[in-house]
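Accompanying notes for the structure given below.
The values are calculated or read from the model by the stated rules, or taken from the named source; none is laboratory data. Please read all numbers here as calculations on a predicted model, not as lab measurements. So basically every Cβ, Gly included, is an ideal-geometry build from the backbone, and we count neighbours across all protein chains shown. Calculation scope for accessible area: heavy atoms of the full protein, side chains included, ligands and nucleic acids excluded. Shrake-Rupley method; radii C 1.70, N 1.55, O 1.52, S 1.80 Å.
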Amino acid sequence: MSTYKVALVPGDGVGPEVIAEARKVLDALEASGGGMSFRYTHFPWGSNYYRETGRMMPEDGLEEMKLHDAILFGAVGDPDIPDHITLHGLILPIRRAFDQGVCLRPSYLYEGVNSPLEGVNPGDIDMVVFRENTEGEYAPVGGFLYHGMPEEVAVQTNVFTRRGTERIIRAAFEYSRKRNKARKVTSVTKSNAMAYGMVFWDRVFDEVAAEYPDITTESLLVDRACMDFIRHPQQFDVVVASNLFGDILTDIGAIVTGSMGLAPSANINPDGLYPSMFEPVHGAAFDITGKGIANPLAAILSAGMMLEHLGEVEAAGRINRAVESNLREGGVRTPDLGGSASTSQVGDEIVRLMSV
Ligand code: GGG
């Protein structure tokens, strides 16, 4: 019996609602005698914690979190607190402190789900974006000069290190080899305009690509990549992009595969020195918070990615197959997918499908 210590950070908005369903599914796996158990620590961090303490999480909070095997995260963001405070106060420090430089975000068009794109059938869209996750455009490097004065200057510095850039590009190539599908890696930059960091990225991409002659490569500017994610997403297999571009591309990837509520993600610490973190791509979704209608499938699929990362491949497969059946059958689904089921009814249905 393997026991895993899981740090739960439900966070803000719909985060607690969808993480409750992910936990329901993990609890069902444990109860079904799959040879694994989970010990949870609940971290009540986020915007309410900020209102009480002036911080999104305690200063020494990561010391305790570090002792876990994995982190399951909900969402961050609040209508009354500026987004840069919530993001830079909670999730970005976790990704950096635990060196989670590789973010994996799959987009798959499931049977039973309609893409808003015409002529795109189930399985046609099947891509994985590798997003650089600890530096690039998200680096907290910059400042204000003459703050609040008419001559104010704001400086924001993008940071591209060889370690971080090479690591994410290599991870994409390694994954492409293991995935054994189209064996194609597309790199996305804007090196015509960003003539240092992204020219450097292109150079590192070409260097790493030379080590993988069995894999087809392509380099696109981000504007072209955004158009192509919409007009022919079928052409993509593995995509590698910077922190900001990876974030934007994966929102497009989620929408063309039917819903933000279906997109999971993994923030991986490649050395295994720290816990990796698993979270739905969607954010806090204030418009539906508390209504009990958020789609929990992205969070449940993220829990599946966590199990796969922990080596529980069979259990991860059970989750994936249950989600596939649920979407194929179509009877129990939340309003984002055209249904009328609640968040908790979808969680119950996934548990039921795992046992049939
Ligand atoms: N569950 C993901 C989440 O809460 N995302 C909020 C957000 O805006 N994230 C930006 C990012 O991941 O870069």
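Assorted remarks:
- Of the criteria (1) in contact (Cβ under 8 Å) with a residue 24 or more places away in the chain; (2) open to solvent by 10 Å² or more (accessible area, probe 1.4 Å); (3) assigned to a helix (DSSP H, G or I), which one residue 302 fails: (2)
- Identity of the residue in region 32-65, free of Cβ contacts under 8 Å to residues at least 24 places away in the same chain and open to solvent by less than 60 Å² (accessible area, probe 1.4 Å), that ends up farthest from the chain's Cα centre (by Cα): 54
- Every listed requirement among (1) part of a helix (DSSP H, G or I); (2) in contact with a strand residue (DSSP E or B) (Cβ under 6 Å, 6 or more places away or on another chain); (3) among the acidic types (Asp, Glu) is met by residue 308 save one, (2).
- All conditions in (1) touching a residue at least 40 places away in the same chain (Cβ under 8 Å); (2) of a type in the set (S, T, N, Q); (3) more than 30 Å from residue 53 (Cα to Cα) hold for residue 86, with the sole exception of (3).
- Filtered by the rule that a residue be part of a loop (DSSP other than H, G, I, E, B) and open to solvent by 10 Å² or more (accessible area, probe 1.4 Å), region 311-340 gives 311, 312, 330, 331, 332, 333, 338, 339, 340.
- Remark: pairs (first residue in region 173-188, in a loop (DSSP other than H, G, I, E, B); second residue among the small types (Gly, Ala, Ser); Cβ separation under 7 Å; 6+ apart in sequence or on different chains) = 183/176.
- Of the criteria (1) touching a helix residue (DSSP H, G or I) at 6+ places or on another chain (Cβ under 7 Å); (2) open to solvent by 30 Å² or more (accessible area, probe 1.4 Å); (3) in contact (Cβ under 8 Å) with a residue 60 or more places away in the chain, which one residue 348 fails: (1)
- Residue check, residue 29 part of a helix (DSSP H, G or I), touching a residue at least 24 places away in the same chain (Cβ under 8 Å), under 25 Å from residue 137 (Cα atoms) and more than 14 Å from the ligand (Cβ to nearest atom): no
- Condition met for residue 146 (surrounded by 13 or more Cβ atoms within 10 Å (Cβ to Cβ) and either under 22 Å from residue 320 (Cβ atoms) or over 22 Å from the mean Cα position of the chain (by Cα) (or both)): no
- Any hit, region 242-260, residues being open to solvent by 10 Å² or more (accessible area, probe 1.4 Å), of a type in the set (D, E, K, R) and over 13 Å from residue 129 (Cβ atoms): no
- Residues in region 258-283 that are β-branched (Val, Ile, Thr) and touching a Pro at 6+ places or on another chain (Cβ under 8 Å): 1 in all.
- Checked against (1) surrounded by 21 or more Cβ atoms within 10 Å (Cβ to Cβ); (2) within 12 Å of the ligand (Cβ to nearest atom); (3) more than 21 Å from residue 309 (Cα to Cα), residue 105 passes all but condition (3).
- Residue pairs meeting the criteria (Cβ under 8 Å; at least 6 apart or on separate chains; first in contact (Cβ under 8 Å) with a residue 60 or more places away in the chain, in region 134-155; second part of a loop (DSSP other than H, G, I, E, B) and open to solvent by 60 Å² or more (accessible area, probe 1.4 Å)): none
- Answer residue from region 79-93, given it is open to solvent by less than 60 Å² (accessible area, probe 1.4 Å) and away from the ligand (no atom under 11 Å from the Cβ) and is farthest from residue 275 (Cα to Cα) among those: 81
- From 114, 133, residue being closer than 29 Å to residue 232 by Cβ and within 16 Å of the ligand (Cβ to nearest atom): 133
- Top-ranked residue of region 176-218 - restricted to ones that are open to solvent by 70 Å² or more (accessible area, probe 1.4 Å), within 27 Å of residue 309 (Cα to Cα) and not polar (S, T, N, Q), ranked as modelled with the highest pLDDT: 211
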